[in-house]
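> Here it is, the structure, as structure tokens.
No lab work stands behind these numbers, since they all come straight from the coordinates. Predicted, not measured: the structure shown is a model, and the values here were computed from it. FYI the Cβ positions are ideal-geometry reconstructions off the backbone, even for glycines, and counts take in every protein chain you see.
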Amino acid sequence: MDFPDLGEKDVYDVGGVPVLLKEMLRSGALYGDCLTVDGMTLDDALLDVAAPDGQVFLSHENAISGSGGVVVLKGNLCPDGALLKVAGLKSLIHEGPALVFENEEACMKVIRNCEYDEGSVIIIRNEGPKGGPGMREMLGVTAIIYGQGMGEKVALLTDGRFSGATRGMCIGYASPEAARGGPIGLIQTGDIVRIDGGARSIDVKVSDQELDDRRKKWLPPDSSRLAGALQKYSSTVGPANLGAVTHSGNVQWEVEEPFDSGDIS
């Protein structure tokens, strides 16, 4: 099926995002009993929304792709998952030696000087919610790699994040992150990493025993370099695969009586 170029106005004209939400609800991708900001459940809020028009929005049964543009990879390198944008990739498989950096700045120095080899799996760690802290976007590194003509010739893995503008074999949100003792914090330069977007797998070819031995020598990051809000954030933020939130997700808040300025004497 051929599709014309479509934009935001086309989406608006056929009902906007609510149409997409209703189709996701119908296909089981959303929970209808969730509350919206106006106090209604999602089921009730979307009750009168139109069905997909068949051109701007397609039904779940007629989706162009079964997985969409992003897939979750899992394996001994990212047991809790990592995200890969497969849309536009020429190849879904990459295998090569790891080139490990402890932060984005260290990686940037090497990338700017083209001191890396074709086929490498570039690892940028300690950029996750806890390790960053704050989960910076690694778009700058990927932009330079693409500008050097190496965008389809290397892979990049990070416990930081990417935006939708990222191109190439770029895997982000690696969980558990390095600062939590995840395997991404244990791999060494030269370890062979295999990424398979089709099989949704990401593995480092190192034995479980070797990883266990490395884990015994691993030390958590020194948080003394932080202060104030960043230190508090780093100590309370959860893992990326659970939303990187700073609460348990099951807190029952008590509703207090409205403040009355007349109480001040």
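> Residue 225 versus residue 152, label points 7 Å from Cα toward the beta carbon: distance in nm?
3.7 nm
> So, one more: With a ≥ b ≥ c the root eigenvalues of the C-alpha gyration tensor of the range 77-192, is it rounded (a/c under 1.5), prolate (a/b larger than b/c) or oblate?
Since a/c stays below 1.5, the shape of the range 77-192 is classed as rounded.
> Need the full-extension length gain, residue 136 to residue 44, defined as separation in residues times 0.36 nm minus the C-alpha distance. One decimal, nm.
Full extension of this stretch gives 29.4 nm more.
> Can you give me the convex hull volume of the Cα atoms of the chain, divided per residue and expressed in Å³?
213 Å³
> Okay, moving on. Please compute the Kirkwood hydrodynamic radius over the range 1-103, one decimal place, Å, based on all pairs of different Cα atoms.
17.0 Å
> Still on this structure: Under the 0.36 nm per residue contour assumption, what length would be gained going from the current alpha-carbon distance of residue 232 and residue 63 to full extension?
56.5 nm
> If the chain between residue 209 and residue 192 were fully stretched, how many nm would it gain, using 0.36 nm times the residue separation less the Cα-Cα distance?
Length gained between residue 209 and residue 192: 4.5 nm.
> If you build the Cα gyration tensor of the range 131-249 and take the root of 5 times each eigenvalue, what three semi-axes come out, in whole angstrom, biggest first?
Taking √(5λ) for each eigenvalue gives 25, 21, 14 Å, largest first.
> Turning to a different aspect of this structure: Once the Cα gyration tensor of the range 111-161 is found, what semi-axes does its equivalent ellipsoid get, as square roots of 5 times the eigenvalues, in whole Å, sorted largest first?
That gives 22, 11, 8 Å for the three semi-axes.
> Going by average Cβ density within 10 Å per residue, which order do the peptides 116-123, 24-31, 162-169, 41-48 take, highest to lowest?
Result, highest mean first: 116-123, 162-169, 41-48, 24-31.
> Report ³J(HN,Hα) in whole Hz for each residue of the range 107-121, in order, from the Karplus equation J = 6.51 cos²θ - 1.76 cosθ + 1.60 where θ = phi - 60°; Gly and Pro get x.
Couplings: 5, 4, 4, 6, 5, 4, 8, 6, 8, 8, 10, 4, x, 5, 10 Hz.
> Each residue of the range 168-177 in order: what ³J(HN,Hα) in whole Hz does its phi give by Karplus 6.51 cos²θ - 1.76 cosθ + 1.60, θ = phi - 60°, with x for Gly and Pro?
Values per residue, Gly and Pro as x: x, 7, 10, 10, x, 6, 4, 10, x, 6 Hz.
> Follow-up question, since we're still on this one. I'd like the FRET efficiency for residue 31 and residue 90, computed as 1/(1 + (r/R0)^6) with the beta carbon distance as r and R0 of 35 Å, rounded to 0.05.
0.45
> Of 85/153; 74/153; 90/130; 22/90; 85/205, which pairs sit farther than 25 Å apart, going by alpha carbon to alpha carbon?
Too far apart for the 25 Å limit: 90/130; 22/90.
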